[in-house]
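Everything below concerns the one structure shown next.
The values are calculated or read from the model by the stated rules, or taken from the named source; none is laboratory data. Computed from a prediction, not measured in an experiment: that's the story for all the values here. Reconstructed Cβ throughout: ideal geometry from the backbone, glycine too, with neighbour counts over all protein chains shown. Side chains included, ligands, DNA and RNA excluded: accessible areas come from the protein's heavy atoms. Shrake-Rupley method; radii C 1.70, N 1.55, O 1.52, S 1.80 Å.
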Amino acid sequence: ERGMVDNLETLEEYTIGAIYGAAECDAIALLEVFRAIADGNHPRIVDADHRLLSFKAGEEAREMTLRMGKRLTDLIYSICPTPQTEMFHRWVSEGVAVGCYPTAQAVAGFALSVNEKALYAAHLYGVANTILSAALRLMRLSHYDTQAIIYRLSPLCERLYDLYGSRSIEEMTSF
């Protein structure tokens, strides 16, 4: 939104808000899928994927999560073919799963043996990095400024895992 972010302080506040939003929605779905894969609960994976898409209010948000999810699904399947990546790739190709980005990220994390806390933090870091990368192109600031924000926000990711990491998919919110 025009005028919401006009200096480093408001950029950091905006980034914190986006991280909280991801922690309360996408990251909960990410953990649900990761745990369902570990449990071999295939219906739970598909349900979480569809549920997550239903939480995307705008067309742009839906398109973005599906586009990025498909790309990651194709990538992880091509570089790390495991039963889980093959299964999810097939589901997305056949329309069984929609292939949201956090779902694909959970599949990739599981295939690469990433622990769930690190996967959660990586997801939130990705949200922050997306915003800060855009800010580099749109605002008068330096790479050092954005790295300082990332550094200050790193402990927040761990606290949010402790706060939201045990929430179920039914507790996911998007507001």
Checklist outcome for this item: In Å², rounded to a whole number, the accessible area per residue of the chain with probe 1.4 Å is 55
Checklist outcome for this item: So for R0 = 35 Å, FRET eff. of residue 18-residue 42 from the Cβ-Cβ r, to 0.05, ends up at 0.65
Next on the checklist: Suppose accessible area is computed on protein heavy atoms with a 1.4 Å probe; arrange 75, 138, 53 from highest to lowest.
Outcome noted: 138, 75, 53
Next on the checklist: I want the local charge near residue 122. Using Cβ-Cβ distances under 13 Å, sum +1 for each Lys or Arg and -1 for each Asp or Glu among the other residues.
Outcome noted: -2
Checklist entry - What 222 nm value per residue comes from the helices of the chain, counting each DSSP H run with n ≥ 4 as -39,500 (n - 2.57) and dividing by all residues, nearest 500 deg cm²/dmol? => result -25500 deg cm²/dmol
Checklist outcome for this item: Computed over segment 30-167, the convex hull of the Cα set has an average projected area, in nm², of 9.1
Item to check | Length-normalised contact order for the chain - Cα pairs under 8 Å, 6+ apart - percent | outcome: 34
Checklist entry - What is the distance in Å between the Cα centres of segment 132-175 and segment 1-39? => result 6
Checklist outcome for this item: Expected unfolding gain across residue 112-residue 59 under the 0.36 nm per residue rule, minus the alpha-carbon gap, is 16.0 nm
Checklist entry - Nearest 10 degrees, 0 to 90: what angle lies between the long axis of helix 8-24 and the longest principal axis of the chain (Cα atoms)? => result 20
Checklist entry - In whole percent, how big is the carbon plus sulfur part of the accessible area of the chain, probe 1.4 Å, protein atoms only? => result 55
Item to check | Solvent-accessible surface (1.4 angstrom probe) belonging to residue 4, in square angstrom, nearest 10 | outcome: 100
Checklist entry - Which is farthest toward the positive dipole end of segment 94-175 among 98, 111, 161, measuring Cα position about the Cα centre, with Cβ charges +1 (Lys, Arg) and -1 (Asp, Glu)? => result 161
Next on the checklist: Just to be sure I understand the model, the point goes 7 Å from the Cα along the line to the Cβ. What's the resulting residue 90 to residue 148 distance in nm?
Outcome noted: 5.3
